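Working notes for the structure below.
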Amino acid sequence: MSLFWPVQKVAPLIEVRVSQSALRHNFELFQSLVGDRYVFPVLKANAYGHGIVEVAKVMSELAVRMMCVDSYFEAIHLRNAGIHSELLIIGYTPMVTIISNKLREVAFTLTSLDAIDELAKTLEEYTPALPIQIHVKIDTGMNRQGILLTEL
């Protein structure tokens with residue numbers, strides 16, 4: 001007597017389909033609502049499970065100025081896939097990674113005065129591989145991340 005059930009082919013319970021035309025439409029709609037300001041698509045976590053490279057390719061066709069990713073790993077993944085748009089890494093990045101970065105057109109997010117201080121001290125000791133682009137996250141009221149306006 002077998003302890004295992006026979007293996008059967010079963011269709012997945014969940015299927016995700018992403019419409020390229022819907023992505024384009026949504027991006028263009030947001031862009032029209034904000035005027036001359038820029039819209040930066042957030043592709044973190046594999047574009048929320050929809051395929052980071054596939055979504056980035058659609059956004060690249062629209063000539064977006066910058067795309068946001070969560071990690072340096074995701075930035076490398078997009079560069080290896082031929083995506084050349086500017087990238088903003090919005091997740092935590094170790095200081096050693098920021099200093100040794102060799103990817104062009106990548107900005108790193110700092111979310112605290114301590115992180116800014118750490119970067120300043122690190123730059124006193126080490127010369128970065130490339131000029132460092134920094135995005136300073138300001139807490140505008142959600143009290144989750146960022147530097148409070150009163151701390152500035």
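The values are calculated or read from the model by the stated rules, or taken from the named source; none is laboratory data. Not measured: the values here are computed from a predicted model. With ideal geometry, Cβ positions are generated from the backbone for all residues, glycine too; neighbour counts draw on all protein chains shown. Note: areas computed on protein heavy atoms with side chains; ligands, DNA, RNA excluded. Shrake-Rupley method; radii C 1.70, N 1.55, O 1.52, S 1.80 Å.
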Count, please, the residues in the range 61-102 that happen to be surrounded by 16 or more Cβ atoms within 10 Å (Cβ to Cβ) and hydroxyl-bearing (Ser, Thr, Tyr). 4
So is Tyr38 in contact with a Ser or Thr (Cβ under 8 Å, 6 or more places away or on another chain), in a loop (DSSP other than H, G, I, E, B), within 18 Å of His135 (Cβ to Cβ) and open to solvent by 50 Å² or more (accessible area, probe 1.4 Å) or not? no
Within the range 48-94, track down each residue that is within 9 Å of the chain's Cα centre (by Cα) and either free of Cβ contacts under 8 Å to residues at least 12 places away in the same chain or part of a strand (DSSP E or B) (or both). Met67, Cys68, Val69, Leu87, Leu88, Ile89
Show the residue pairs that are 6+ apart or on different chains and have beta-carbon atoms under 9 Å apart, the first residue being within the range 127-143 and surrounded by 10 or more Cβ atoms within 10 Å (Cβ to Cβ) and in a strand (DSSP E or B), the second being at pLDDT 90 or above and charged (D, E, K, R). Gln133/Glu86; Gln133/Glu105
Residue match in the range 2-24 (condition: within 14 Å of Val106 (Cβ to Cβ) and not aliphatic (A, V, I, L, M)): no
Restricted to the range 13-35 and to residues being at pLDDT below 90 and open to solvent by 100 Å² or more (accessible area, probe 1.4 Å), the residue farthest from the chain's Cα centre (by Cα) is Leu13
Sole miss for Ala107 among (1) modelled with pLDDT of 95 or more; (2) over 30 Å from Ile14 (Cβ atoms); (3) touching a helix residue (DSSP H, G or I) at 6+ places or on another chain (Cβ under 8 Å); (4) not in a helix (DSSP H, G or I) is condition (3)
